[in-house]
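In what follows, a single structure is set out as structure tokens and then discussed.
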Amino acid sequence: MKALKLIAPNQMEIQEVPIPEPGPGDVTIKVAYAGLCGTDMHAYQGGYSKTRYPVVLGHELSGIVTAVGEGVTKLKVGDRVTSESTYKACEECRYCKSKDYNLCGNRTGIGTNRDGAFEEYMTMAEDRVWKLPDNVTLMAGAMSEPLACGTHAVIEVANVQPGDTVCVFGAGAIGLMVAQVAVTAGATVILAGLTVDEDRFKAAKGMGVQHTVNQQTQDLTEFIHSITDDGVDHAFECSGALVAVHKAFEVVHKKGQVIQMGVFSDDYLPISMEYLLHKEIRYMGSRSQKPSSWALAMDLFTKGDIKPELAISMVVPLERWQEAFDSEPGGKKLVKFDDFGEE
Ligand SMILES: [Zn+2]
Ligand SMILES: [Zn+2]
């Protein structure tokens, strides 16, 4: 089978390797689609310290189970599936005890320290694999991981309630998933982006997002004050731009909350005390996703009122992986292995 191997920073190639056999408790998945994430770009360029070399990147996927290992009981050959990004966590630390696997300091993640999804077949622990509801296409199913990042942030971290107002900064795949989940939670959502985001603004409208604001042509603060009482309840920073962090602090009302999801290359940021302290803002991080976030994401899929696939901007076959890695940031890029005859 073919596997896209990262050998060293900026050195990646397709190699011919044996199809992996599932170990005890594991299943083998024939990958249909694998999504390219900011973390993969980071790892490709050598900027992600947890990367093991050589490794197959990719932690966003859909596919079909083709083999099951010893002791596997919940999955069978032919199941249409997607998978969490944690292969195994230590199961001993305080975070694992509450199934906060995203915070375990001793976790094995796919696409970082274990081979991930940019290969024709991959193995995964049965317990971390989710069956896709029948109404979900394999292409949409490949959006499950970013969607679960959205449910984690919106439901589990921010606890957005019906009638709340939400501003999302950044119209990339994560920003779109956060906006989409917030809409389903009953919030009024403003997606803030730039001129380059026009296509994603259209996607957001298709997902039911009520307002999009191009900050290069419209004053965001003015707009938010025209539709809210002194600002939004929640601001999600999904762009990783310092100017957006400041703006998020500006547009939430007093006692509002700012949820940080965007990643910065610089570890230390100057934050306005005028806002944080004197507005009594709650500033929180939301990292990745955990099993409970996946249950929420699968629930949204089953109900059928979400369209995460609208965030997909490019689909290329494995041979053309470089195009996806070289393309402008923005929408979600997928590598297609097999569509199994689905639309
Ligand atoms: Zn991701
Ligand atoms: Zn742990």
Label 7 Å along Cα→Cβ of residue 49; region 89-123 residues with amide nitrogen under 16 Å? 104-107, 113
Summing Lys, Arg as +1 and Asp, Glu as -1, what charge do residues with Cβ under 13 Å from the Cβ of residue 30 carry, residue 30 excluded? -2
What translational diffusion coefficient, to the nearest whole µm²/s, does the chain have by Stokes-Einstein, given a Kirkwood radius computed over alpha-carbon pairs, a temperature of 4 °C and 1.567 mPa s viscosity? 63
Cα convex hull volume per residue for region 1-159, in Å³, equals 119
Using the basic label-point model (7 angstrom from Cα toward the beta carbon), what is the residue 230 to residue 264 distance in nanometres? 2.7
3J(HN,Hα) from dihedral phi, region 217-229, Karplus parametrisation 6.51/-1.76/1.60, rounded to Hz, x for glycine, proline: 10, 9, 7, 5, 4, 4, 4, 4, 5, 6, 10, 10, 9
About its Cα centre, the chain carries a charge dipole, from +1 on Lys and Arg Cβ atoms and -1 on Asp and Glu Cβ atoms, whose size in debye to the nearest 20 is 600
For region 21-27, Karplus couplings with θ = phi - 60° (6.51, -1.76, 1.60), whole Hz, Gly/Pro x: 7, x, x, x, x, 9, 10
I want to check the label-to-label distance for residue 131 and residue 221. Put each point 7 Å from Cα in the C-beta direction and report it in nm to one decimal. 5.3
Going by amide H atoms built from the backbone, whose H comes under 5 Å of the H on residue 263, apart from near neighbours? 240
Taking placed amide H atoms and a strict 5 Å upper bound, the residues 5 or more places from residue 132 or on another chain that come that close are 80, 81, 82
Amide H to amide H, which residues 5 or more places from residue 235 or on other chains are under 5 Å from it, using H placed in the peptide plane? 167, 257, 258, 259
Helix-derived mean residue ellipticity, 222 nm - over the chain, DSSP H n ≥ 4, -39500 (n - 2.57), to 500: -6500 deg cm²/dmol
With label points built 7 Å along Cα→Cβ from the Cα atoms of residue 272 and residue 254, find their separation and express it in nm. 1.6
Mind ordering 144-154, 226-236, 326-336 by average Cβ neighbours within 10 Å, highest first? 144-154, 226-236, 326-336
What FRET efficiency, computed as 1/(1 + (r/R0)^6) with R0 = 51 Å and r the Cβ-Cβ distance, is obtained for residue 99 and residue 320, rounded to the nearest 0.05? 0.85
Once Rh for region 1-78 is found with the Kirkwood sum over Cα pairs, what is the Stokes-Einstein diffusion coefficient at 4 °C and 1.567 mPa s, in µm²/s? 93
Just list whichever of 76/307; 99/254; 254/303 have alpha carbons separated by over 30 Å in the model shown. 99/254; 254/303
Over region 150-285, how many percent of alpha carbon pairs lie in each 5 Å bin up to the one with the longest distance? 2, 11, 24, 26, 23, 11, 3, 0
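Taken together, the values in this text are just the output of simple stated rules run on the coordinates, not laboratory data. Note that the structure is a prediction, hence the values are computed from the model and not measured. As a convention, Cβ positions derive from the backbone with ideal geometry for all residues, glycine included, and neighbour counts pool all protein chains shown.
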